[in-house]
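Shown next, in structure tokens, is the structure this report addresses.
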Amino acid sequence: MCRLRIALAVLGVVAIAWVATGCAAEDKTVSAADFVKAQEDPRFTQQLGFQDDLSLKLEEEEVNRAIAANPRDATAYSRRAGLRMIKGDLDGAIADDTKAIELDPRDAQPYNNRGILLMSKYDLDGAIADFTKAIELDSKSALFYANRGMALLSKGKEAEAQSDFDHCLELNPSFKLGLEQHIKAIKEQRAKPNR
């Protein structure tokens, strides 16, 4: 939700800047090229960073109020986990996803989210366990299979990973390009000496 607000704010800034230059009279739409050009202006990126920080702070205050009002709100803990992840507080995000799981153990998404966080901390066994639980709860999610496959591949379990990748693509063929890029990146990382 926070990122959506930021994106809308960005589009608003670009449209305002475009109107101020008189270009809006020629064309009522903001093109991608104009957006890219606006990003090159340091004033734009500075404002964007300020809006991003402010939006995160406001979102965090809102979710903290929700948790204070209802400490059994699993969704609020999941939201705060996402905010903490964005801020780089991986341990805090893991704690919040863990609390969301305790409150609603039948929701697959917090398992997937915590698995991603554990993977980023190189706890591949923990990540695989969380992705497996997410799959048990929602076997129709291509994303959960893709994530477990990437964790398995990172551990060098290529056959198991390929099985998950195949299942992912059966569920959602549109994952193919992104999956191929991630697989390539993981294999390149594993091939580097002194990992």
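The values are calculated or read from the model by the stated rules, or taken from the named source; none is laboratory data. Please read these numbers as outputs of a predicted model, since none were measured by experiment. No Cβ is skipped: glycine too gets one built from the backbone with ideal geometry, and neighbour counts run over all protein chains shown.
Quick check on segment 108-124: of everything there that is charged (D, E, K, R) and farther than 21 Å from ASP138 by Cα, which residue is surrounded by the fewest Cβ atoms within 10 Å (Cβ to Cβ)? Quick ask: steps written out before the conclusion?
Going residue by residue through segment 108-124, those that are charged (D, E, K, R) are 114, 121, 123.
Restricting the remaining residues to those that are farther than 21 Å from ASP138 by Cα gives 121, 123.
Numbers: LYS121: 12, ASP123: 17.
Here the residue is LYS121.
Within the group PRO42, PRO71, PRO105, which residue is of a type outside the set (Gly, Ala, Ser), modelled with pLDDT of 95 or more, farther than 27 Å from SER139 by Cβ and surrounded by fewer than 16 Cβ atoms within 10 Å (Cβ to Cβ)?
Working: PRO42 fails: modelled with pLDDT of 95 or more; PRO105 fails: farther than 27 Å from SER139 by Cβ.
That would be PRO71, the only listed residue that is of a type outside the set (Gly, Ala, Ser), modelled with pLDDT of 95 or more, farther than 27 Å from SER139 by Cβ and surrounded by fewer than 16 Cβ atoms within 10 Å (Cβ to Cβ).
Across segment 134-176, what is the number of residues that are small (Gly, Ala, Ser) and either surrounded by fewer than 16 Cβ atoms within 10 Å (Cβ to Cβ) or in contact (Cβ under 8 Å) with a residue 40 or more places away in the chain (or both)? Give the derivation first.
Initially, segment 134-176 is screened for residues small (Gly, Ala, Ser), giving 134, 139, 141-142, 146, 149, 151, 154, 156, 159, 161, 163, 174.
Right, trim to either surrounded by fewer than 16 Cβ atoms within 10 Å (Cβ to Cβ) or in contact (Cβ under 8 Å) with a residue 40 or more places away in the chain (or both) and you get 139, 156, 159, 163, 174.
Here the count works out to 5.
Select from segment 177-195 the residues that are surrounded by 11 or more Cβ atoms within 10 Å (Cβ to Cβ) and among the hydrophobic types (A, V, I, L, M, F, W, C) and list them in ascending order.
If the condition is that a residue be surrounded by 11 or more Cβ atoms within 10 Å (Cβ to Cβ) and among the hydrophobic types (A, V, I, L, M, F, W, C), then LEU179, ILE183, ALA185, ILE186 are the ones that fit.
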